[in-house]
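To start, the structure under review is shown below, and the notes come after it.
The values are calculated or read from the model by the stated rules, or taken from the named source; none is laboratory data. Bear in mind that the values here come from a model prediction, so they are computed numbers and not experimental data. No Cβ is skipped: glycine too gets one built from the backbone with ideal geometry, and neighbour counts run over all protein chains shown. The area values use the complete protein model at the heavy-atom level, side chains included, leaving out ligands, DNA and RNA. Shrake-Rupley method; radii C 1.70, N 1.55, O 1.52, S 1.80 Å.
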Amino acid sequence: MEKIRQFFAQKLNLGSASNESLKVLETVDFDGVMKYIRDGCCKSVVTMAGAGMSTSAGIPDFRSPGSGLYDNLGKYDLPRPEAVFDISFFEKNPQPFFDLARQLYPSELKPTICHRFIRLLEQKGLLLRHYTQNIDTLERAAGVSDERIVEAHGTFHTSHCTGCRQRYDQQWMKDQIFSEDVPKCESCGAVVKPDIVFFGENLPSRFFRLVQDDLKKCDLLIIFGTSLAVQPFASLVDRVPDTCPRLLVNKEKCGRPNLLMRMMGQSGLEFDSSSNYRDVAWLGTCDDGAVAMAAALGWQEELRRLQGEDGARPEEAA
Ligand code: CNA
């Protein structure tokens with residue numbers, strides 16, 4: 001009965017009294033979340049990441065005004081900015097995508113301090129899973145283990161021929177991108193496409209396989225550097241238990257659902273609502289946020305040591 005009351009109270013936004021029993025943070029702010037971690041209240045942290053986590057590695061995001069990709073596609077004469085990542089457009093004309101990839105591919109793939117923080121969460125035994133929309137492989141480069149990462153929008157790590165499905169590795173694709181040609185399969189001559197998810201393609205089966213159980217178990221959700229504008233990824237924030245605190249580390253507050261999302265039953269993040277009992281926004285860069293968290297948790301030295309690493313995973317370095 002209590003559960004039913006709580007469900008309706010939350011849906012109807014009835015206010016703080018009804019949420020009191022769901023509240024696990026002493027204070028609904030950054031310090032409250034840090035205390036929750038320090039007190040050992042969470043063991044299954046899920047992190048969500050977007051392009052903002054990699055901008056300090058020299059990779060622009062999509063939507064930041066001025067520096068974001070969507071503001072800089074004029075010369076490609078596209079029907080709309082998103083077309084460059086649209087599978088039906090790519091099938092007809094892959095050139096703009098590879099031109100853009102050449103421009104964007106960083107000369108050095110160096111993880112940021114925030115990527116190292118994810119590795120540190122794993123080393124501390126707290127990271128249940130890291131869900132990333134990023135395709136830049138920087139989590140791998142930071143040494144986060146494969147089993148902890150879900151690359152929800154695919155990855156540049158591997159590529160496949162669109163004809164015979166032959167697989168190619170990241171170095172092969174990088175060499176092709178810089179050869180200024182559209183990459184073609186060495187066996188059948190068809191276009192080779194990086195294994196990233198274009199608009200109009202399905203997300204990897206690994207995402208759907210893991211998401212259900214992971215989010216049910218999640219006892220702290222940390223969201224880094226995303227506008228939460230792309231579905232179904234953005235809807236993950238709604239799938240954690242009602243008692244799970246949600247910390248956003250981003251340059252701007254986001255996560256409020258639009259009308260369509262509300263109609264689909266999504267509530268999103270509640271920072272400024274009077275009934276908020278668990279959502280915290282830390283506004284600033286992902287790197288500064290990671291450093292602030294490490295300081296609050298007494299992990300600075302370990303984070304500094306990880307940052308000094310070259311990124312090779314122990315098994316690769318051996
Ligand atoms: P987005 O919509 O461009 O949003 C980025 C968000 O990050 C915005 O809210 C920014 O304000 C914020 N932001 C930018 N820089 C920082 C920073 N240094 N610290 C904190 N916040 C910052 O990007 P999303 O990831 O939300 O959109 C999803 C798309 C973007 C996915 O499909 C990705 O594949 C795609 N993408 C990925 C990459 C990458 O792999 N690095 C780069 C560009 C786009």
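So what is the accessible area of the chain per residue, in Å², with the probe set to 1.4 Å? Before the final figure, lay out the partial values.
Working: 15220 Å² over 318 residues.
Here the per-residue accessible area is 48 Å².
On the basis of the beta-carbon distance and an R0 of 35 Å, residue 158 and residue 72 show a calculated FRET efficiency of 0.80. Working note: Karplus 6.51/-1.76/1.60 with θ = phi - 60° gives the range 246-258 the couplings 10, 10, 9, 10, 7, 6, 9, 6, 8, x, 6, x, 7 Hz, where Gly and Pro are set to x.
Between residue 20 and residue 305, the contour length at 0.36 nm per residue exceeds the Cα-Cα span by 98.6 nm. A Gaussian network model of the chain, with springs between Cα atoms under 10 Å, assigns the largest mean-square fluctuation among 157, 130, 115 to 157. Tell me the net charge near residue 73. Cut-off is 15 Å between Cβ atoms, residue 73 excluded, with +1 for each Lys or Arg and -1 for each Asp or Glu. So the surrounding residues net to -2.
Calculate the dipole size of the range 84-147 relative to its Cα centre from +1 charges on Lys and Arg beta carbons and -1 charges on Asp and Glu beta carbons; express the result in debye to the nearest 20. All intermediate terms of the calculation are to be shown ahead of the outcome.
On the way: 8 positive and 9 negative charges, 53 e Å.
Using Cβ point charges on Lys, Arg, Asp and Glu, the range 84-147 gives about 260 debye.
Using the crude model of +1 on Lys and Arg Cβ and -1 on Asp and Glu Cβ, and no other charge, please compute the dipole size for the chain relative to its Cα centre, in debye to 20.
Details: 38 positive and 44 negative charges, 155 e Å.
Here the size comes out at about 740 debye.
Among 32, 113, 173, whose Cα projects farthest towards the positive end of the dipole of the chain, with charges put on the beta-carbon of Lys, Arg (+1) and Asp, Glu (-1)? Of the candidates, 32 comes out farthest on the positive side.
A Gaussian network model of the chain, with springs between Cα atoms under 10 Å, assigns the largest mean-square fluctuation among 19, 250, 134 to 19. Hull volume per residue, based on the alpha-carbon atoms of the chain and their convex hull, is 146 Å³. Qualifying trypsin sites (Lys or Arg not before Pro) in the range 238-275, where qualification requires a DSSP coil assignment and no more than 14 other C-beta atoms within 10 Å, comprise 253.
Once a ≥ b ≥ c are taken as the square roots of the eigenvalues of the Cα gyration tensor of the range 34-178, is the result rounded (a/c under 1.5), prolate (a/b larger than b/c) or oblate (a/b not larger than b/c)? Cα axes put the range 34-178 in the prolate bin.
Within 10 Å of each candidate Cβ there may be at most 16 other Cβ atoms; applying that plus a DSSP loop requirement, which trypsin sites (Lys or Arg not before Pro) in the range 172-216 survive?
Numbers: sites: 174, 184, 206, 209, 216; in loops: none.
Passing both the DSSP loop test and the Cβ count: no residue.
Placing dummy labels 7 Å off each Cα toward the beta-carbon, the span from residue 199 to residue 178 is 3.1 nm. The slack in the chain from residue 103 to residue 208, taken as 0.36 nm per residue of separation less the alpha-carbon distance, amounts to 34.6 nm.
Restricting the range 172-272 to GluC sites (Glu not before Pro) that sit in a DSSP loop and have at most 14 other Cβ atoms within 10 Å of their own Cβ leaves 180, 186, 252.
If R0 equals 35 Å, the separation of the Cβ atoms of residue 31 and residue 217 corresponds to a calculated FRET efficiency of about 0.90. When the helices of the chain are scored as -39500 (n - 2.57) per DSSP H run of n ≥ 4 and the total is divided over every residue, the value at 222 nm lands at -9000 deg cm²/dmol.
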